[in-house]
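Asks: Sending over a structure as structure tokens; questions will come in a sec.
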Amino acid sequence: MSQPAHNPALLVLEDGRAFTGTSYGATGETFGEAVFTTGMTGYQETLTDPSYHRQIVTQTAPHIGNTGVNDEDDESQRIWVAGYVVRDPARVPSNWRATRSLDDQLKGQGIVGIAGIDTRALTRHLRERGAMRAGISTEILDPDALLEKVLQQPPMVGADLASEVTTFEPYVIPAEGEKRFTVVALDLGIKSMTPKRMAERGIEVHVLPATATLEEVLAVNPDGIFMSNGPGDPETTEHPTDLLKALLQRGKPYFGICFGNQVFGRALGLGTFKLKYGHRGINQPVLDRATGKVEITAQNHGFAVDAPIDSVVETPYGTAEVSHVSLNDNVVEGLKLTGRDGRVLAFSVQYHPEAAAGPHDSAYLFDRFIELMTVHSEQLEGRA
């Protein structure tokens with residue numbers, strides 16, 4: 001396992017703020033939206049989360065790479081971040097599961113990073129000014145020259161990225177033990193742990209591309225529909241939104257997380273908007289308004305649903321309301337759709353109940369999805 005190199009590197013934000021450090025990972029240059037994540041663990045899951053596509057991720061925790069990289073904890077088949085920013089990378093990893101260093105992994109996948117900068121100052125800057133375009137380079141070390149290239153990059157608003165991270169071919173994750181239900185999971189940037197959490201509960205999961213048609217979904221004869229996390233601006237997801245409208249019209253039980261929550265909101269006629277700097281990390285407090293319980297959640301999103309907190313919204317499918325809110329900024333963290341008979345028809349959350357690196361406060365939401373499908377199935381049998 002090689003130690004990180006010490007070649008000079010430069011990070012420049014679109015407002016001209018520049019940070020000088022040393023190369024971490026591959027050399028070259030990269031561009032994306034600069035964001036920060038507050039998780040102290042789980043960097044391997046972060047790097048391989050498709051929701052981070054086209055983002056330069058800053059770790060607020062100073063020591064990164066201590067446990068190296070293994071072959072079990074990836075959330076997808078590759079690293080998705082556009083670039084990586086750390087303060088104090090481990091010189092030598094130390095963990096019995098490690099098979100290589102994080103630096104070697106970044107180099108192997110061509111991920112350009114920077115180390116040795118004041119990540120606290122960078123994070124404070126992004127909190128005050130908002131997430132913004134940025135570039136990292138080991139080739140252009142003049143801030144003005146790199147800034148010129150940064151300003152040529154497309155913004156995250158209006159970016160349709162789900163189509164860039166989705167699976168090309170459908171695949172099936174079989175149920176573990178006795179099969180109870182069949183679910184279609186639309187891949188908008190799904191993490192591998194999500195279908196695993198459903199499979200553990202007896203669900204056979206058919207993962208379909210984001211471009212799947214209504215006919216292709218119904219051909220599976222699913223008991224429920226799931227839409228995953230993913231990157232980009234939810235206002236660009238016309239096809240998934242129209243697909244969900246058609247499925248809600250047919251009364252299919254629905255569960256969505258993160259991007260799937262935003263698509264659900266749009267299908268219900270609600271708007272979405274870009275957050276100033278987003279929610280990213282594994283320590284985000286969320287209030288479940290039905291129970292009054294507070295969950296510590298894993299999150300990764302830069303957009304949110306625009307919905308009234310204290311009133312319901314009438315939709316063609318039933319009554320929609322906000323089920324969860326962030327205790328940091330009162331942003332919508334979940335939605336619930338209820339039919340005229342008082343039965344819950346669909347629900348979603350803005351966070352990640354599968355959270356491989358933890359916390360696991362929200363794992364019960366998969367059980368809630370089971371209950372939703374059970375009630376729906378019993379109702380169908382009663383009609384037969």
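Asks: If you check VAL349, VAL331, VAL325, which single one turns out to be in contact with a Gly (Cβ under 6 Å, 6 or more places away or on another chain) and either under 30 Å from SER76 (Cα atoms) or open to solvent by 30 Å² or more (accessible area, probe 1.4 Å) (or both)?
Replies: Of VAL349, VAL331, VAL325, the one residue that is in contact with a Gly (Cβ under 6 Å, 6 or more places away or on another chain) and either under 30 Å from SER76 (Cα atoms) or open to solvent by 30 Å² or more (accessible area, probe 1.4 Å) (or both) is VAL349.
Asks: Among the strands (runs of 3 or more DSSP E) lying completely within the stretch 290-343, list those that include at least 2 residues that are within 30 Å of GLY130 (Cβ to Cβ) and either at pLDDT 95 or above or in contact with a His (Cβ under 6 Å, 6 or more places away or on another chain) (or both).
Replies: So the answer is 294-306, 318-326, 332-338.
Asks: Checking the conditions here, which among PHE255, PHE273 is of a type in the set (Phe, Trp, Tyr) and in contact (Cβ under 8 Å) with a residue 40 or more places away in the chain?
Replies: The match here is PHE255.
Asks: Turning to a different aspect of this structure: When the residues of the stretch 358-369 are filtered to those that are open to solvent by 10 Å² or more (accessible area, probe 1.4 Å) and in a helix (DSSP H, G or I), which remaining residue is nearest to SER348 (Cα to Cα)?
Replies: Top of the filtered list is ARG368.
Asks: Give the stretch 252-287 a look and list any residue that's crowded, with 16+ Cβ neighbours inside 10 Å and at pLDDT below 95, or say none.
Replies: GLY281, ILE282, GLN284, listed by residue number.
Asks: Do we have VAL81 as open to solvent by 70 Å² or more (accessible area, probe 1.4 Å) and among the aliphatic types (A, V, I, L, M) here?
Replies: no
Asks: LEU287 - would you say it is in the same structural domain as ALA185 (by the TED database), part of a strand (DSSP E or B) and more than 29 Å from THR46 (Cβ to Cβ)?
Replies: Taking the combined requirement at face value, the residue does not satisfy it.
Asks: Now for a different question. Condition test on ILE173, is it open to solvent by 10 Å² or more (accessible area, probe 1.4 Å), on the phi < 0 side of the Ramachandran plot, of a type in the set (Val, Ile, Thr) and under 21 Å from the mean Cα position of the chain (by Cα)?
Replies: Yes.
Asks: Give me the pairs, please: first residue somewhere in the stretch 177-199 and open to solvent by less than 40 Å² (accessible area, probe 1.4 Å) and among the hydroxyl-bearing types (Ser, Thr, Tyr), second residue anywhere and at pLDDT below 95 and not in a strand (DSSP E or B), beta-carbon distance under 8 Å, and either six or more positions apart or on two chains.
Replies: Short answer, once both residue conditions are applied: THR194/GLU354.
Asks: Suppose the filter is over 22 Å from ALA134 (Cα atoms), in contact with a strand residue (DSSP E or B) (Cβ under 8 Å, 6 or more places away or on another chain) and surrounded by 17 or more Cβ atoms within 10 Å (Cβ to Cβ); does ASP74 pass it?
Replies: no
Asks: Could you tell me how many of the residues in the stretch 34-49 are among the β-branched types (Val, Ile, Thr), over 11 Å from the mean Cα position of the chain (by Cα) and surrounded by 23 or more Cβ atoms within 10 Å (Cβ to Cβ)?
Replies: Result for the stretch 34-49: 2.
Asks: Now for a separate question. Can you run down the residue pairs with Cβ atoms below 6 Å, 6 or more apart or on separate chains, where the first is in the stretch 4-27 and of a type in the set (Gly, Ala, Ser) and the partner is open to solvent by 60 Å² or more (accessible area, probe 1.4 Å) and outside any strand (DSSP E or B)?
Replies: Listed by first residue and then by second, the contacts come to SER23/ASN7; GLY25/LYS107; ALA26/LYS107.
Asks: Okay, moving on. Could you list, in sequence order, all residues of the stretch 98-148 that are more than 12 Å from TYR24 (Cα to Cα), open to solvent by less than 20 Å² (accessible area, probe 1.4 Å) and out of contact with any Ser or Thr (no Cβ under 8 Å at 6 or more places or on another chain)?
Replies: Selection gives HIS125, GLY130, MET132, ALA134.
The values are calculated or read from the model by the stated rules, or taken from the named source; none is laboratory data. All figures in this text were calculated on a predicted structure; none of them were measured in a lab. So basically every Cβ, Gly included, is an ideal-geometry build from the backbone, and we count neighbours across all protein chains shown. What goes into the accessible areas is simple: the full protein's heavy atoms, side chains included, and nothing from ligands, DNA or RNA. Shrake-Rupley method; radii C 1.70, N 1.55, O 1.52, S 1.80 Å.
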